[in-house]
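The values are calculated or read from the model by the stated rules, or taken from the named source; none is laboratory data. All values derive from a computational prediction rather than experimental measurement. Here the Cβ positions follow ideal geometry from the backbone for every residue, glycine too, while neighbour counts run over all protein chains shown.
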Amino acid sequence: MEFSPASLKRDFPIFQDSDLVYLDNAATTQKPGIVIETIESLYREANANVHRAIYSLGTEATNRFETARLKISKFINAPSEKEIIFTGGTTGSINLLSRSIGNILKPGEEILISEMEHHSNIVPWQLAVQRTGAVLKYIPINKNGELDISDPEKYFTPQTKIVSLTHMSNVLGTINPVKKLAQMAHSVGAVFIVDGAQGVPHMKVDVQDLECDFYTFSGHKMLGPTGVGILWGEMRQLENMDPFMGGGEMIDTVTMESSTWNSVPYKFEAGTPNFAQAVGLGAAVDYLENITMEKIAEHEQGLTNYALTKLRIIEGLHLYGNPPKRGGVISFNLKNIHPHDLAQFLNEDNIAIRVGHHCAQPLLKTLGETATARMSFYIYNDESDIDKFCHSLDSIREYF
Ligand code: C6P
């Protein structure tokens, strides 16, 4: 199938009869009609609580829900669909881990993250440190915006029990060498977690090949609905973990005194799951697979190179980071123009970008900034979006 952003765009209701240039895909992506229709059809045709109702409607809802789980497991090459846990998103997945495995840390044991993490992969670990007396350590970044692992023994120590790192930076676009980092974590006996919020939507992810123990991501950043995300975990790890939340469906037996747990993944899915969103995410996965992740990655790579070439020649434009291996995220600032003013002026031309700290305040501090402008791409963006953006930027610079 020929990759054509213009024809893909026709699948997205939000772009119909609109000149919207949407360049805020790292925050959330737009939804193709098929995802919206799949959720609607679940509510119209098969709405009943899953894993509880034994009437036909309940069986149908459960089948659609579990089919989505299977699709997602195949999408990331998980050995079993039982290793797919539905959460509310990346944030929910990492908080689950910080409670379940973070809580068993002993004082002085170390959690290793990095300077380029999103708040969702910092704050849950800070909370775990407060609860347990463990220590939080950060891998720094170098001047290109890559993780500086030139002195690994400094960070990966016999005390390191948990390593949790982003697959791709939501500010710099840096793609981290996840497999190598997993091997470093395992060499000191630590578990390795990937924040894949900006990974899975943009490249082929094979959790077995990456050798990670856990991989987390959000549905809404990959054409799926909000309110659903995934925690993938290696079965042995999941079986050894305590549940994070208690409630319906996660139990085997409950007495007045105590309870025993259901099997994985249900042990981690307390309460009525977000099954309509999960089914919607299944449709998003079908859509992406039909295009293929290889073509998506290639397209974003081309678009990023095109944008960088154009941005580099703009006088007074400063780009943050220059990682050799990067995805479709570019952060920049324009001399003498506050990024918030810039975003407002671009909005006049119906161009959407994100400005601010991008929920990565420690990274922004390292970069010496409180805010940057950020453009981020997806399947429906093409060179004409970048051209419109650059044209608009020219008029804004003239105005200022
Ligand atoms: N980044 C951005 O504009 P949630 O909110 O749970 O779906 O995803 C959190 C998250 C975790 N890790 C990374 C690397 C992320 O980029 C995000 C979300 C958005 O950059 C919204 S703050």
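Some values worked out for this structure:
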read-out: Any hit, the range 62-69, residues being away from the ligand (no atom under 16 Å from the Cβ), over 24 Å from the mean Cα position of the chain (by Cα) and surrounded by fewer than 23 Cβ atoms within 10 Å (Cβ to Cβ); value: yes
read-out: Among (1) among the acidic types (Asp, Glu); (2) buried (at least 20 other Cβ atoms within 10 Å of the Cβ); (3) more than 24 Å from Ser93 (Cα to Cα) - the single one Glu269 does not satisfy; value: (3)
read-out: Residue satisfying condition, being exposed (fewer than 13 other Cβ atoms within 10 Å of the Cβ), more than 16 Å from the ligand (Cβ to nearest atom) and more than 27 Å from the chain's Cα centre (by Cα), within set Ser7, Ser18; value: Ser18
read-out: Those residues of the range 223-280 which are among the aromatic types (Phe, Trp, Tyr) and touching a Pro at 6+ places or on another chain (Cβ under 7 Å), in sequence order; value: Trp261, Phe268
read-out: Yes/no for Ala373 being in contact with a strand residue (DSSP E or B) (Cβ under 8 Å, 6 or more places away or on another chain) and either assigned by TED's automatic domain parsing to the domain that holds Glu115 or modelled with pLDDT of 95 or more (or both); value: yes
read-out: Among the candidates Ser114, Ser187, Ser169, Ser93, residue that is in contact (Cβ under 8 Å) with a residue 12 or more places away in the chain, closer than 28 Å to Trp261 by Cα and not acidic (Asp, Glu); value: Ser93
read-out: Count of residues meeting criterion [assigned to a loop (DSSP other than H, G, I, E, B) and acidic (Asp, Glu)] in the range 10-44; value: 3
read-out: Residue list for the range 245-261, restricted to those being part of a loop (DSSP other than H, G, I, E, B), among the charged types (D, E, K, R) and without any contact (Cβ under 8 Å) to a residue 24 or more places away in the chain; value: Glu257
read-out: Count of residues meeting criterion [over 12 Å from Ile330 (Cβ atoms), in a helix (DSSP H, G or I) and not hydroxyl-bearing (Ser, Thr, Tyr)] in the range 272-315; value: 25
read-out: Looking only at the range 115-154, and only at residues there that are in contact with an Asp or Glu (Cβ under 9 Å, 6 or more places away or on another chain) and of a type in the set (Ser, Thr, Tyr), the one that is surrounded by the most Cβ atoms within 10 Å (Cβ to Cβ); value: Ser120
read-out: Count of the range 46-85 residues which are touching a residue at least 24 places away in the same chain (Cβ under 8 Å) and charged (D, E, K, R); value: 6
read-out: So Ser56, is it of a type in the set (Ser, Thr, Tyr) and either in contact with a helix residue (DSSP H, G or I) (Cβ under 7 Å, 6 or more places away or on another chain) or surrounded by 21 or more Cβ atoms within 10 Å (Cβ to Cβ) (or both); value: no
read-out: Odd one out for Tyr380 among (1) part of a helix (DSSP H, G or I); (2) in contact (Cβ under 8 Å) with a residue 12 or more places away in the chain; value: (1)
read-out: Conditions (1) within 16 Å of the ligand (Cβ to nearest atom); (2) under 22 Å from Phe268 (Cβ atoms); (3) of a type in the set (Val, Ile, Thr): number failed by Thr132; value: (1)
read-out: Among the residues listed as His358, His338, the single one being over 25 Å from Ser4 (Cβ atoms), at pLDDT 95 or above and surrounded by fewer than 21 Cβ atoms within 10 Å (Cβ to Cβ); value: His338
read-out: Among (1) more than 15 Å from the ligand (Cβ to nearest atom); (2) more than 18 Å from Leu165 (Cα to Cα) - the single one Val228 does not satisfy; value: (1)
read-out: In the range 75-96, the residues that are touching a strand residue (DSSP E or B) at 6+ places or on another chain (Cβ under 9 Å) and more than 16 Å from the ligand (Cβ to nearest atom); value: Ile76, Ala78, Glu83, Ile84
read-out: Single match in Asp382, Asp394, Asp387 (criterion: buried (at least 16 other Cβ atoms within 10 Å of the Cβ), more than 14 Å from the ligand (Cβ to nearest atom) and at negative phi); value: Asp382
read-out: Number of the condition not met by Asn47 [criteria: (1) modelled with pLDDT of 95 or more; (2) in a loop (DSSP other than H, G, I, E, B); (3) under 21 Å from Tyr378 (Cα atoms)]; value: (3)
read-out: Among the residues listed as Lys365, Lys388, the single one being assigned to a helix (DSSP H, G or I), assigned by TED's automatic domain parsing to the domain that holds Ala307 and in contact with a strand residue (DSSP E or B) (Cβ under 7 Å, 6 or more places away or on another chain); value: Lys388
read-out: Odd one out for Pro107, checked against (1) surrounded by fewer than 14 Cβ atoms within 10 Å (Cβ to Cβ); (2) assigned to a helix (DSSP H, G or I); value: (2)
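Results for (1) of a type in the set (Ser, Thr, Tyr); (2) away from the ligand (no atom under 16 Å from the Cβ), shown as yes or no for each residue.
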| site | (1), (2) |
| --- | --- |
| Asp206 | no, yes |
| Ser263 | yes, yes |
| Asn274 | no, no |
| Gln277 | no, no |
| Gln301 | no, yes |
| Ala307 | no, yes |
